[in-house]
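A short write-up of the structure that comes next.
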Amino acid sequence: MRPSTRQVTGGKLPFNVYCLFLLLAFTNGLSQDYPFRNTSLPWAVRVRDLVGRLTVEEIVVQMSRGGAGPRASPAPAIPRLGIGPFSWNTECLRGDVYAGNATSFPQALGLAATFSTDVLCDVAEATSIEVRAKYNDYQRRKIYGDHKGISCFSPVINIMRHPLWGRNQETYGEDPFLSGEMAASFVSCLQGHNPTYIRTNAGCKHFDVHGGPENIPVSRFSFDAKVSERDWRLTYLPAFKRCVQAGSYSLMCSFNRINGVPACANKRLLTDILRTEWGFTGYVVSDQEAIENIMTYHHYTNNSVDTAALCVKAGCNLELSTNELKPTYFYIIDALKAGKLDKDDIVKSVSPLFYTRMRLGEFDPPQHNPYSSLDLTVIQSEGHRAISLTAAMKSFVLLKNKDEFLPITKQYNTISVLGPMADNKYQQIGSYAPDVMPIFTTTPLQGLSKLSKTVKFAAGCSDNACTTYNRSEIQKAVNSTDIIFVCLGTGPMIENEDHDRSSMELPGKQTQLLLDSVNFSANGVPVVLLLFNGGPVNITWADRSDRIVAIIECFFPAQETGEAVWRVLTNSGNFSNPAGRLPYTWPKYKHQIPSMINYSMTGRTYRYFHGDPLYPFGYGLSYTTFNFTNAWLNPIIEEGESLTVRTEICNTGALDGEEVIQIYLKWLDTKEDMPIHQLVGFRRIFLKSGETLSWLVTVDANSMAVWSKAGGFHIEPGHYKLYIGSQQPEQGRKVPSNVLIREFKIIPKLS
C-alpha cells in the first residue's frame, strides 16, 4: 500500500510543525536547494513549501494547462524555481496511446471478459513501464506536450448500460462489482508498488453517470443524465469508489450534467461524495473542453468568471481545454478580484497537482527513483508481446460449439477466410490503441493460414461498413473448400468515441455475406464465425443455424489477433482452451433494448433484466467440463461480518483448461429495491484434466449492503442466498456445469 494521500494538503499539517520541519532542514544543512526538493522532509511539508513559493498567476496557469494541443499542453515551466514543463495528457487504456511505437494490448472490454484481475495487472504494469520509459527519453531530449507524460487518463470504468453506446469497448462491461475489481487491479499495477514513488499515475474516468449517448439521439456535450439516488449509488458510483480505494491519484469529470448540474461543476459529486464521503485527496481533471461546455452547450452559466469559480469551488483541480489560447481557468484571476474565490481556494486546488508530480519523482534526484532507469529497450519487449498474446487468448468467449467441433485437430486441404475483419490490422485493434507495428501484428488471415497450404481469401466488402459488397467474390472463395472462417464485426469505423451505433445489426451487408458463405458452399462444409466488436450484434440466425458450427466473440484483440485466433481454435499451447466470459448481457431482440437517454436501470443489465437474452452475462463455453461440489459457508453471521465461502471444483473433461468461478448474492428479505442478484466474487483458475481444487473466497460485508434513500447503505438482518458456479443463477441458457445454492442468515450484531 502506498502512503496515504491525506497528507497532501499543507493545511493538514499544523503550521508550527511545518515551521519546525523547515528549521531543522536548514539547521542540518539538508536544503542545498529549496525545501520542496529535500527528500528527508514529509510530503506535506514539501508540497506546502513549493506551492507557497508560487504567485497567484503561476498557480492559475498550472491549473489551466491540462492539454490538449500545443497551446494547452504542457503546463509551463517555472524557471525561477527550476521546475520544468509537465504534460498531463497521456492515454494508457491498454498501451501507450498516440505516442508512437508501443505494445498494443486487447481492448478493455476484452480484458474484462478474461474475468482475471491478474491479466489486468500484467497489462497495466507493462503499459506503465513503456509509458515511463518513453517519458524518460522525452525528458532527456527535453521534448514535452501531449502524450509525452506519465499521468494517465485511464482506466475507463463507466458502466456499459446500453449495447449501442459507441464507447462500450473502452469499459469493463455492465457490472459494477466486476468493473470495480478490474479497475482496482489496473490502478494498483499501473502506479506500481514502490513505497516512495509511483511509476505512472492512474486517472479513472468519466465521473459520473456517463455511458451514452455520444451522438444518437443527442450530443454527449449537452446531455443531462437524469438518475435516481438508488441507481446512482448502486450502479454508477461503486466502481469509482473502488478506484479511489485502490489509490488512484486522479479522476476525470465527465461532459454531461447529472440531474441538471454539469459534472465538472457538481459540488455534490466532486466534494461531498468524492472527498468527504470517500476520502479522496487526489486531483480531478476535466474532460476535454468540458468546462467550456458548461457555458456553450449546457448554458448553465453565461460567463467565464462564474464558470471558473463554480468549478474550482466544486472540486475540479485541472482544466483540460482544446488548445485554447485563454482557457476558462485563466479567468480565476478575475474571480479572485471579484471575491468569488480566495487564494486559499486555489492553493488547496493546485496542491494535489504538485503532490502527484512529487510522487512521480520530478523534484528528486533520478538515482533515488527506480523508474528513472527504464529505457526504450522495454518497448515491444518479448515479455510484453507475450502478455498481449496471453491476454488476447484469455479474452475470447466461446459462444457456440456444435457437437464439440472445436478444437481443430487436423490440417485441411483448402480453407476459406472471409469478411472485412479477416485482414484488417487497424480495425481489429479498436479505438484508443497504441500505434500498430506491422512487424509485431498478425491478422486472422495470417493466423488461420497455418491450417492449410491452400487459403482462399475474400474480404467481400470494401470496408467494415460493408455498403459495397461483392457477392461473386464470396461465391468464388467458398467453392471447393473444406472449412470456412467468416470474420465479421464493427471496429472503430462503426462504434467509437463520438459515434454511437444506430442499430444492433451487423454493419451493411455483413449478414448477407454470412448467409452467402453458407448458401454458396457445399452442404456439410463447416462454417466458423469469428466476431470482432465491442457492443453486441444481431447473430440470432447464426446461433440457430446448423451450418454455423462455432461462434467465438473476440472483441478487439490488438496486435496478436492472428496468433491468438489460431492457438485458441486449435487449443495449441498454454491458455488456449477458451475461458472468457461475457462481461455484458447480449440481447436477442431489438425490443429488449431500452432508450439510450433513459438512465433508469430498470430492464438493463443482468441485475435488472427479466427477459431472455441471446447470451447472458458471465456466459462462455470451454473445450472441457467442470463440476462444483462441497460448498461450505457459515450459515449465520453477524451484521457487518464478511462471509467466507469454500468450494471444490473438478475438471471433469479430457482437456486441461481454465474455469471462471462466479458467486452471486440474492437478497431474500429486504423491502428495498435491490438487483435481482449481484456478482460478489469471481476467480479464474487453471485445472488439469481430472484435477480437483479447493477454493476459498471472502465475500465482503459491503457487498451485502442494501441502499435506502432514507438511511444510505446498511446491512439488513435477514436471509440471503448464495449461488456458486460458472454461470449466473436462474439463467435460461446454461453452460455444461452446475450451480450450487447455499443460504445464510445475518443476525443483529451482538452487543
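Normalise the Cα radius of gyration of the range 229-326 by 2.2 N^0.38 Å (N = residues in it) and let me know the number.
1.06
Considering only protein heavy atoms, with the full assembly of protein chains and a 1.4 angstrom probe, order Val739, Val187 by accessible area, largest first.
Largest accessible area first, the list is Val739, Val187.
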Set of lysines near Lys337 by C-alpha distance (under 20 Å), chain-local residues within fewer than 8 positions excluded: Lys313, Lys326, Lys348
Selected from Thr171, Cys554, Pro748, residue furthest toward positive end of dipole (the chain; charges at beta carbon): Pro748
Amide hydrogen neighbours beyond the local backbone of Ile216, cut-off 5 Å, H modeled: Asp500
Interchain or long-range residues, amide H under 5 Å from Phe223's placed H: Arg257
Degrees separating the helix 304-314 axis from the principal Cα axis of the chain, which is the longest one: 80
Given Lys267/Lys749; Lys148/Lys343; Lys241/Lys745; Lys671/Lys709; Lys226/Lys343, the pairs whose alpha carbons are separated by over 24 Å: Lys267/Lys749; Lys148/Lys343; Lys241/Lys745; Lys226/Lys343
Accessible solvent surface per residue of the range 225-275, calculated while the other protein chains remain in place, 1.4 angstrom probe, Å²: 25
Sulfur and carbon atoms: percent of accessible area, the chain [1.4 Å]: 51
Spatially proximal aspartates and glutamates relative to Lys688 (Cα-Cα < 15 Å; intrachain offsets below 8 disregarded): Glu648, Asp656, Glu658, Glu659
Computed lengthening from Thr602 to Ala710, 0.36 nm per intervening residue step minus Cα-Cα distance: 36.8 nm
Spin-label proximity, Glu730 to the range 599-634 - amide N less than 17 Å from point 7 Å beyond Cα toward beta carbon: 602-613, 616-618
Helix 561-570 axis, angle to the chain major axis (alpha carbon atoms, nearest 10°): 40
Square roots of 5 times each gyration tensor eigenvalue, C-alpha, the range 270-400, largest first, Å: 38, 23, 16
Whole-number accessible area per residue in Å² for the range 645-693, which is evaluated in the context of all protein chains at 1.4 Å: 40
Against the rule of thumb 2.2 N^0.38 Å, how large the Cα Rg of the range 372-491 comes out: 1.25
FRET efficiency, Lys226 to Glu497 (Cβ-Cβ, R0 35 Å, nearest 0.05): 0.95
Global geometry of the range 171-245, whether rounded, prolate or oblate, following the gyration tensor of its Cα atoms and the 1.5 cut on a/c: prolate
Cα-based shape type of the range 679-751, given that a ≥ b ≥ c are square roots of the gyration tensor eigenvalues and the cut on a/c is 1.5: prolate
Per principal axis, descending, Cα span of the range 71-179 in whole Å: 50, 25, 23
Order of exposure, largest accessible area first, which applies to Lys394, Lys402, Lys241, Lys326 with probe 1.4 Å: Lys326, Lys241, Lys402, Lys394
On Cα atoms only, tilt of 15-27 relative to the major axis of the chain in degrees: 80
The range 356-441 - Rg (one decimal) and Dmax (whole number), Cα, Å: 20.9, 64
Whole-Å distance, taken between Cα centres, linking the range 131-210 and the range 71-107: 13
Cα-derived Rg to Rh of the range 503-604, Kirkwood definition: 1.01
Estimated distance in nm for a label pair at Thr670 and Tyr98, the labels positioned 7 Å out from Cα along Cα-to-Cβ: 4.0
Approximate spin-label separation Ser219-Gln411, in nm, with each point projected 7 Å along Cα-to-Cβ: 5.9
For Lys745, solvent-accessible area (1.4 Å; no DNA, RNA or ligand), Å²: 80
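Based on the alpha-carbon gyration tensor of the range 437-579 and its eigenvalue square roots a ≥ b ≥ c, which shape applies: rounded if a/c is under 1.5, prolate if not and a/b is larger than b/c, or oblate?
Values: a/c = 1.41, a/b = 1.03, b/c = 1.36.
Verdict is rounded for the range 437-579.
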Two-site FRET efficiency, Asn702 against Ser472, from Cβ-Cβ distance with R₀ of 41 Å, rounded to 0.05: 0.10
For the range 315-329 and the range 531-596, distance of Cα centres in Å: 41
Net length gained if the chain between Asp345 and Ile636 were fully extended (0.36 nm per residue, minus Cα distance): 99.8 nm
Calculated FRET value between Ser694 and Thr55, using beta carbons and R₀ = 56 Å, to 0.05: 0.35
Probe 1.4 Å - accessible area at Phe221, Å² to nearest ten: 40
Per-selection Rg to Rh, the range 217-257 - Cα, Kirkwood hydrodynamic radius: 1.05
Rounded to whole Å, sorted largest first: equivalent-ellipsoid semi-axes of the range 102-239, Cα gyration tensor: 29, 18, 14
Heavy atoms of Ile415 accessible to a 1.4 Å probe, total area in Å² rounded to 10: 0
D (Stokes-Einstein, µm²/s), Kirkwood Cα radius, the chain, 0.890 mPa s at 25 °C: 91
Lysines whose Cα lies under 18 Å from that of Lys734, excluding same-chain neighbours fewer than 8 positions away: Lys400, Lys402, Lys588
Cα pair distances in the range 595-648, grouped into 5 Å bins until the bin that holds the longest one, percent each: 4, 11, 13, 11, 13, 18, 16, 9, 4, 0
Kirkwood hydrodynamic radius (C-alpha pairs) into Stokes-Einstein, the range 659-716, 25 °C and 0.890 mPa s, D in µm²/s: 180
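The values are calculated or read from the model by the stated rules, or taken from the named source; none is laboratory data. Predicted model, so just to flag it, every value in this text is computed and none were measured. Note that each Cβ is placed from the backbone with ideal geometry, even for glycine, and that neighbours are counted across all protein chains shown. The accessibility values were calculated without ligands, DNA or RNA, using every heavy atom of the protein model including side chains. Shrake-Rupley method; radii C 1.70, N 1.55, O 1.52, S 1.80 Å.
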